[in-house]
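Structure first, then comments.
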Amino acid sequence: MNSLITLPLLIPLFTAIILVFFNKNVTVQRWIATIGSLLTLAAAVWLSATVYTQGIQTMDLSNWQAPFGITLVSDMLSSILVVTTSLIGFVCLLYSFRSIGVEREKHYYYPVFFFLILGVNGAFTTGDIFNMFVFFEVMLMASYVLLVLGGTKIQLRETIKYLLVNVISSGLFVIAVAYLYSVVGTLNMAHISVRLNELGQSGIVTVIAVLFLIVFGIKGAIFPLYFWLPGAYYAPPAPIMALFGALLTKVGVYSITRTYTLFFTQDIGYTHGLLEILSIITIIIGVIGAIAYFDVKKIIIYNIIVAVGVILFGVATFTTESLTGSVFYLIHDMIIKAALFLLIGIMIKITGTSNLREMGGLINRYPGLAWTYFVAALALAGIPPLSGFLGKILIVRAGIDAGNYWGSGVVLLSSLLVLFSVMKIFMNGFWGKAREYKQQEKVPVRWLLTAPVILTICAVLYGLGSEALYPIISTAAETLSNPEIYIKAVLKE
Amino acid sequence: MKTNNVILETATKVILFIILLFSVYMFFAGHYEPGGGFIGGLMASGAIVLLLIAYDLKTVRKILPFDFKKVTALGLLFAAGTAAGGLFFDKPLLTHWFTYVYPPILGKMSLHTAVIFDTGVFLVVVGVTMTIIQTIGESE
Amino acid sequence: MEILMSLLIGVIFMSATYLMLSKSLLRIIVGTGLLSHGVHLLLLTMGGLKRGAAPLLGQQAEAYTDPLPQALILTAIVISFGITALFLVVAYRSYQELGTDNMELMRGKEGNE
C-alpha cells in the first residue's frame, strides 16, 4: 500500500486542524493530541518497516509522473528520521501536559505543535527540492509561533531576530533553487542528481553547492552561521526548547547530508573539503561554548552545535563507513538532546534558575532525576555501551582511514570535553550542598520525569541494540553513498 | 476616538457588496481563467477590512460573529480533506477528479473536486488575514 | 532583457539590504518584503524569460514558456505573505511590550529577564 508514505504527514495535519476547534477545552485537546501523536508514531514505524522489507517507497503526487510532479520519497534514512521525530514529538507532548501551562494550551499550542511535526516529517520525506522549501516554511512558521507564544519580553526580542535570520535564509534558499533550476531545469531531487552528473564538474555547480551549504548551514547552525542559535533557543520553555534542539537543526543537517550525497558529488575536493573544515571549526566553537558557560541551558545548546559538527564531519569524509556513523550519530543525538533539554527543564523548574552557580544538592531530594541525567550525559558523550559510542567510533575510524588525523583527533577530543561540560552540570547541580530554593516543598516531578526517562531508555536500548540496528542504519547509509539506488527508485527506470 | 464619517459609511454599504460579489466571481472564474481561491479570499477580506475602516471592530464582530481562527481551520479541513480524499480511491495524494454536467439554461459546466480545495483556500485566506488584522486592531 | 532584469534584481537586493540594516523595525520588515520580491524576480529570470506561447493545451505554438517558475513564484509569494503578516504581528506586539521599535534599544544580553 503506497499511501502509507503520506500517513506521517496527514495524521499530524488532521490532528492540528481538529485541535483548533477545541481550543477552549484543554482536556479534550490533550486526549486528541495524545492519540494523534501515537498514531503518527505507529504510522512512522509501519512505514519504516515497509521500507526495510520492500525498499524505497515513493508516491507521485496527483499522478504526475516522477520528474514532472512532486514526489514523496521515503528511503531508509528519511523513514527512520520520521520515526525519531514522531517519538520525540510524542514525548515532548507528554512533558507539555504538566509544564506548558493552560494559558498556552488555550492559545493553540497543540495545533502549532502538530504543524511543526508536519513540517519536519515533510522535509524528511519530500523528494522535490522546492517542496522541501515549502515544508521548511511550514516548520519555520510553526517554530516562530511556538517561540513567541507566551509573549514575554525575551521571547519577543529573540523571535524578531530568529524571524529575520530565517527570512533571509529562506530568501537564499529560493535563490539557490533558482540557480539550480536554471542549470538543470528540474526540481525532482533524483532527476537533479542525474542531470548534474551528466553536466560533470563545472564552476557554477560548485557555487550552487556552496549556496546550499549556506542556506542549510543557517538552519543547521554550522560555524560562521550559528550565531542566532544560542539566543533563540534560550527563550522558550523546556518542551519547545527540546523540540527545537532535537528537530530543527537536524532538518538542516539532514538537508546538507541529502544534497551533499545526492547532488554535489562532482567536485568533492572543494565542496566536501569546505564542509570538513567548517564542521571541525563548528565542533571547536561548540565545545568552547559548552565549557565556558555556567548556565545549564547554554551548555546543552552549545552541545547541539558540537553534535552538528560531528555529524557533518562524517558526511564530509564521504565513505560508506563514515556515513553510517553519521546516521547513527544523528538519530542518537536527536533522542538524547531532547532528553537532556527536558531534564534541565525539570532542574530549572525545581530551582527557579538556570544558573549553575545557584544550584546544588539536587541528588538528595530527586535521585531519579539525577541518575537519569547521569545516564543521559554519559550517552551524549559516547561512553561505550551507550548510544553515542558506535556513531562516533565509525566517524573517527573513517576519518583516520581517509587520512584526516586532525579532524578525527578533534572529534575524539570533543567527546572528552563534552563529557566535562555535562558532568559540570551533574557535579554542580546535583552534588554539593543543598540550597534553599523559592519553593520549599518538594516539586512533583514524577510525571515530568516520565518523558525524559522514556527517551533515555530509548537511547540506552539504541546503544545496546546497535548490533541489531546495524543493518537498518547501513541500508540508510548505503542509499546515501550510492545515489543510484535512490534515483532508480524514484524515476523507476 | 471615533469620528462619524458619513460619506465613507454610506459608500461602504454599497461598495461592500460589489466587492464581495466580485470576489465570488473571481473565486469561480479560477481554474480555467485567472482567479481562484487565494485571490478571491484576499478580495473578500479586503471587503471586510473596508467594513472595519468604516465602522469599528465591535460592529464588525456583531455583523460577522465568527472566530476567524476556526474559519482558517475549517478551510484547512476542506483543503486537506480534498487532498487526502484520493487516498480512499487508491489514488495518490492531491489527485483531483472532474466531470461535465449539462444543467438546463446554464449549458455546459465542469464540476471539479478542485473547487472544494479552492473553497478551503478561500476560507484559509480570509481566516488568516482577518485573524492578523484583528490581533493588531484589538489592542488599539 | 536578462541583463536589465539582473540589474533590477541587484538594485532591489541593495535596497533591501540597506533597509534591513536600519534601526527601525518597520523598515526592516519592509526590507524583508523587498528581499522576497527580489528573490521572486530572480526566480522568474532564472527560469527563462518569455520564449514562446502560454503553456496551454491547443495553442499549437512552436515553443512554450516554462510554467514552472511561475508556479514556484506563486507558492513563494503566498509563503512570504504569511511570514510578513506574522512578522508584523510580532513586531507590533513587541512594540507594545518593549515600548520601542528601535533595534538599538531592544538589544540586551540573552539571559537578563
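Bear in mind these aren't lab numbers, they're just calculated from the coordinates by the rules spelled out. None of the values given here were measured: they were computed from a predicted structure. As a convention, Cβ positions derive from the backbone with ideal geometry for all residues, glycine included, and neighbour counts pool all protein chains shown.
Counted over all Cα-Cα pairs of the stretch B:39-140, pairs farther apart than 18 Å make up 58 percent. Compared with the dominant Cα axis of chain A, that is its longest principal axis, helix A:367-381 is turned about 30°. Among the lysines of the stretch B:6-138, pairs at least eight places apart or on separate chains and with Cα atoms under 22 Å apart come to 5. With neighbour counts taken as other beta-carbon atoms within 10 Å, the residues C:Glu2, A:Glu158 rank, fewest first, as C:Glu2, A:Glu158. Given axes a ≥ b ≥ c from the Cα gyration tensor, I'd like to know whether the stretch A:1-144 is rounded (a/c under 1.5), prolate (a/b larger than b/c) or oblate. Since a/c reaches 1.5 and a/b is larger than b/c, the shape of the stretch A:1-144 is classed as prolate. 3J(HN,Hα) couplings calculated from phi for the stretch A:191-196 with the Karplus curve 6.51 cos²θ - 1.76 cosθ + 1.60 (θ = phi - 60°) are, in sequence order, 5, 4, 4, 4, 4, 5 Hz; Gly and Pro show x. For chain C, what D do you get in µm² per second when you plug the Kirkwood radius from alpha-carbon pairs into Stokes-Einstein at 20 °C and 1.002 mPa s? For these conditions, the coefficient is 129 µm²/s. Annotation for the stretch B:73-140 versus the stretch A:106-125: alpha-carbon center distance of 21 Å.
Note that the stretch C:51-57 has calculated 3J(HN,Hα) couplings of 10, x, 6, 5, x, 10, 5 Hz, one per residue in order, obtained from phi through the Karplus relation 6.51 cos²θ - 1.76 cosθ + 1.60 (θ = phi - 60°); glycine and proline are x. Normalised by the number of residues in chain A, the average gap of Cα pairs under 8 Å and 6 or more apart makes the relative contact order 16 percent. Between A:Ala42 and B:Tyr32, the modelled label-to-label distance comes to 4.5 nm, taking each label 7 Å out from Cα in the direction of the beta carbon.
Taking amide H as placed 1.01 Å from N in the peptide plane, the amide H of A:Asp295 sits under 5 Å from that of A:Leu356, each at least 5 places away or on another chain.
Exposed loop sites were defined as chymotrypsin sites (Phe, Trp or Tyr not before Pro) in DSSP loop states (anything but H, G, I, E or B) carrying at most 10 other C-beta atoms within 10 Å; in chain B the longest segment without such a site runs B:33-88.
Would you mind getting me the FRET efficiency between A:Lys492 and A:Leu464? Use the beta-carbon distance for r and R0 = 41 Å, nearest 0.05. Approximately 0.55, to the nearest 0.05.
Taking every C-alpha pair closer than 8 Å and separated by at least 6 residues, the mean separation divided by the residue count of chain C gives a relative contact order of 24 percent.
Packing here is the average count of other Cβ atoms within 10 Å per residue, and on that basis the peptides A:132-141, A:6-15, A:353-362, C:92-101, highest first, run A:6-15, A:132-141, A:353-362, C:92-101. Over the stretch B:6-138, what is the mean sequence separation of C-alpha contacts under 8 Å (at least six apart), divided by residue count, expressed as relative contact order in percent? Value for the stretch B:6-138: 29 percent. Taking the C-alpha atoms only, the angle from helix A:109-125 to the longest principal axis of chain A is near 30 degrees. Look at where the Cα atoms of the stretch A:1-69 and of the stretch A:161-231 average out, and the two centres are 28 Å apart. Is any residue of the stretch A:176-192 close enough, with backbone N under 15 Å, to a label point placed 7 angstrom from the Cα of A:Asp267 along the Cα-Cβ axis, and if so, which? Only A:180, A:183 pass the distance filter. Database remark: amide H of C:Ala53 closer than 5 angstrom to the amide H of C:Ala63, C:Tyr64, C:Thr65 (H placed geometrically; neighbours at sequence offset of 5 or more, or on other chains; Pro and chain starts carry no H). Rounded to the nearest whole Hz, the Karplus-based 3J(HN,Hα) values (6.51 cos²θ - 1.76 cosθ + 1.60, θ = phi - 60°) of the stretch A:225-240 follow the sequence 10, 8, 3, 6, 5, x, x, 5, 7, 6, 6, x, x, 4, x, 5, with x at glycine and proline. Here the stretch A:133-151 and the stretch A:258-306 have alpha carbon centers that stand 24 Å from each other. With a Förster radius of 56 Å applied to the beta-carbon distance between A:Ile400 and C:Ala63, the computed FRET efficiency rounds to 0.50. When the alpha carbon coordinates of the protein assembly as shown are projected onto the principal axes, the ranges are 82, 65, 51 Å, largest first. Placing pseudo-labels 7 Å out from each Cα toward the beta carbon at A:Asn355 and C:Leu4 gives an inter-label distance of 6.3 nm. Counting only residues at least eight positions apart within a chain, or on another chain, the aspartates and glutamates with an alpha carbon under 18 Å from that of C:Lys50 are C:Glu2, C:Glu62, C:Asp66. For B:Gly30, the residues whose amide H sits under 5 Å from its own are B:Gly36, ignoring neighbours fewer than 5 places away on the same chain, with H placed 1.01 Å from N. Calculated mean residue ellipticity, 222 nm, the protein assembly as shown: -24500 deg cm²/dmol, from DSSP H runs (n ≥ 4) at -39500 (n - 2.57) each, averaged per residue and rounded to 500.
The angle between the Cα long axis of helix A:7-21 and the main principal axis of chain A comes to about 50°, on a 0 to 90 degree scale.
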